[in-house]
Amino acid sequence: MDYSVIFILKKRGTMKKVGIVMGSDSDMNIAEKAIDKLKGYGVPYEVHIYSAHRTPEEAKAFASGAEANGFGAIIALAGKAAHLAGALAANTLLPVIGVPVKSSTLDGLDALLSTVQMPSGIPVATVAIDGAANAAILAAQIIAVSDDELLAKIKAEREEAAKAVLAKDARLNS
Ligand code: RP5
């Protein structure tokens, strides 16, 4: 077999997964934005429901084992007193991206502050309230550091987005 074919097969088999963890199934409509993005890039992922408060042991076990289980980044979605991203980050050296989820009472500001205000030494990369699509793009960028094919897909997507903006601009003055 051609060496380049062997290389491609090896590389496909070893692409790191993204873990999508949400605090409740009520976060699923937001998690779907991340799932759709990762599917579009062809990035493997797993989705789980673990809560920092309701199932702390399972959340800890997932984070502790994530690197050994083939994950390259973790997206954590939670609303209200959203400690999930921080609790996962405390138990792994993988990059953790926090998505504060908007709840019915404080419009997600509670979750934003709970997710973003991490103590020094345990970082969480926090995206906007309900910003699961950006979380997935950031996770894909992290995986793409060692995957040129994935990097090219993300670059192409940005170029398409820029073209769409410029086409709208051109229409304003035509
Ligand atoms: C958080 O509390 C979850 O992430 C969810 O956003 C919020 C409400 O959870 P449910 O009461 O709907 O299960 O832990």
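The values are calculated or read from the model by the stated rules, or taken from the named source; none is laboratory data. All figures in this text were calculated on a predicted structure; none of them were measured in a lab. With ideal geometry, Cβ positions are generated from the backbone for all residues, glycine too; neighbour counts draw on all protein chains shown. Only protein heavy atoms, including side chains, enter the accessible area calculation; ligands, DNA and RNA are left aside. Shrake-Rupley method; radii C 1.70, N 1.55, O 1.52, S 1.80 Å.
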Lys and Arg at +1, Asp and Glu at -1: add these up for the other residues within a Cβ distance under 10 Å of Lys16 and post the number. -1
Ordering 62-69, 139-146, 151-158 by per-residue average of other C-beta atoms within 10 angstrom, highest first, gives 139-146, 62-69, 151-158
Two-decimal ratio, the stretch 69-174, of alpha-carbon radius of gyration to 2.2 N^0.38 Å: 1.30
Quick one: grab the alpha carbon gyration tensor of the stretch 34-74, order the square roots of its eigenvalues as a ≥ b ≥ c, and give me rounded if a/c is under 1.5, else prolate or oblate depending on whether a/b is larger than b/c. oblate
Modelled label reach - Ala81, point 7 Å along Cα→Cβ, the stretch 27-51 residues with backbone N closer than 19 Å: 27, 50-51
Spatial separation of Cα centroids for the stretch 126-174 and the stretch 12-77, in angstrom: 21 Å
Hull surface divided by four, with the convex hull built on the Cα atoms of the stretch 1-153: how many nm²? 9.1 nm²
The percentage of the accessible area of the chain (probe 1.4 Å, all protein chains present) made up of carbon and sulfur atoms, to the nearest whole number, is 58 percent
13 Å beta-carbon shell around Ala68, net charge (K/R +1, D/E -1): +1
From DSSP H assignment alone, runs of 4+ in the chain each adding -39500 (n - 2.57), the sum over residues rounded to the nearest 500 puts [θ] at 222 nm at -15500 deg cm²/dmol
